[in-house]
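Novice: Pasting in a structure now, in C-alpha cells, and then I'll have a few things to ask.
The values are calculated or read from the model by the stated rules, or taken from the named source; none is laboratory data. Small disclaimer: the values here were computed from a predicted structure and weren't measured. Don't worry about glycine lacking a Cβ; one is built from the backbone with ideal geometry, like all the others, and counts go over all protein chains shown. Please note that ligands, DNA and RNA were not included when accessible areas were found on the heavy atoms of the full protein model with its side chains. Shrake-Rupley method; radii C 1.70, N 1.55, O 1.52, S 1.80 Å.
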Amino acid sequence: MADGSMSGGDRLTLYDSNQGEEPVLAGSISVPGTVGDPNNSGLEFNTLDEPISQTIKRDLSAVGSKFFHVLYPVEKKSLLREWDLWGPLILCTFMAIVLQGHESTDGSGDGGPQFAEVFVIVWVGSLIVTLNTKMLGGNISFFQSVCVLGYCLLPLAMALLACRILLFFSSPTSIFVLILRGISVLLGFGWSTYASVQFLGDCSPANKKMMSMYPML
C-alpha cells in the first residue's frame with residue numbers, strides 16, 4: 001500500500017551499501033576570524049594559511065596604528081572595534097622594568113614598585129572603569145577597557161623614558177632637571193587622560209558621561 005502511494009517522481013532512493021559506491025560529501029568549512037584578502041584580489045583570505053612573517057608584520061602594523069591614534073586621537077572607534085592586548089603588554093612590561101624597585105645591601109628599598117605591581121594597577125584600574133561604565137548603562141567589555149587604557153599609557157611611557165634620560169645625563173638633585181621631569185610627567189599624564197576620555201567617552205549615555213569618566217581623571 002505504501003508502494004502504491006508513491007509515484008515515480010516521489011519515490012525515495014535509498015543508499016544501498018552493496019552498490020559499491022561511496023556517497024559524495026561536498027561543502028566548505030569557514031574559519032571564524034578570517035578577513036578579506038590583504039592584496040585586494042577579491043578572494044577569501046584565511047589567516048591560518050598565511051606565513052608567520054606576514055602575521056607578525058600585520059600585527060606590528062596594527063599596534064603601530066593604534067599607537068598613532070593615541071598620540072593623535074581623532075578616530076575614536078579603532079581601539080574599541082579592533083582591540084588587542086599587544087600594546088598594553090609592551091607598555092606595561094617597559095614601565096615595569098624601568099620603574100622596578102631595587103633593594104640595597106642593608107635590606108632597604110628605593111621605594112620603586114615591584115614588577116608585578118604595574119600590571120596589577122593597570123588590570124585593576126581597567127576593571128574599575130569597566131564596572132563603573134556597566135553600572136551607568138554603558139556598553140564596553142573588560143578587554144576593550146584593558147586595550148584602551150593600556151594603549152593610552154604611551155604618553156606616560158614616553159615621559160618616563162624622558163625622565164630616565166634626564167637623570168642619566170644630569171644630577172638628580174638639580175632643580176632645573178626636577179622642573180623638566182615634572183613638566184614631562186604632567187604632559188604625559190594629561191595626554192594619556194585626554195586620549196582615554198576620547199576613546200571611552202562614547203561608551204556611556206550622554207547624560208552620564210562625566211560620571212563614567214571620573215575614574216580616569
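Novice: Tell me, what is the 1.4 Å probe accessible area of Ile165, in Å² to the nearest 10?
Specialist: 90 Å²
Novice: Roughly how many debye, to the nearest 20, is the charge dipole of the range 81-216 about its Cα centre, given +1 on each Lys and Arg Cβ, -1 on each Asp and Glu Cβ, and no other charges?
Specialist: Working: 6 positive and 7 negative charges, 100 e Å.
Once rounded to the nearest 20, the dipole reads 480 debye.
Novice: Leaving out ligands and nucleic acids, and using a 1.4 Å probe, what accessible area per residue does the range 110-149 come to in Å²?
Specialist: On the way: 2090 Å² over 40 residues.
Computed with neighbouring chains in place, this is 52 Å² per residue.
Novice: Right, another one. Report, largest value first, the span of the C-alpha coordinates of the range 151-217 along each principal axis, in whole Å.
Specialist: On the principal axes, the range 151-217 reaches 49, 20, 12 Å in Cα extent.
Novice: I've got another one for you. Sort Asp59, Asp84 from largest to smallest accessible area, using a 1.4 Å probe on the heavy atoms of the protein chains.
Specialist: Working: Asp59 55, Asp84 25 Å².
Result, largest first: Asp59, Asp84.
Novice: Along Cα→Cβ, 7 Å out, is where each label goes; now give me the distance between the ones at Thr93 and Ala62 in nm to one decimal.
Specialist: 1.7 nm
Novice: Additional query: With every protein chain present, what accessible area does Thr173 have (1.4 Å probe, heavy atoms only), rounded to the nearest 10 Å²?
Specialist: So the heavy atoms of Thr173 present about 110 Å² to solvent.
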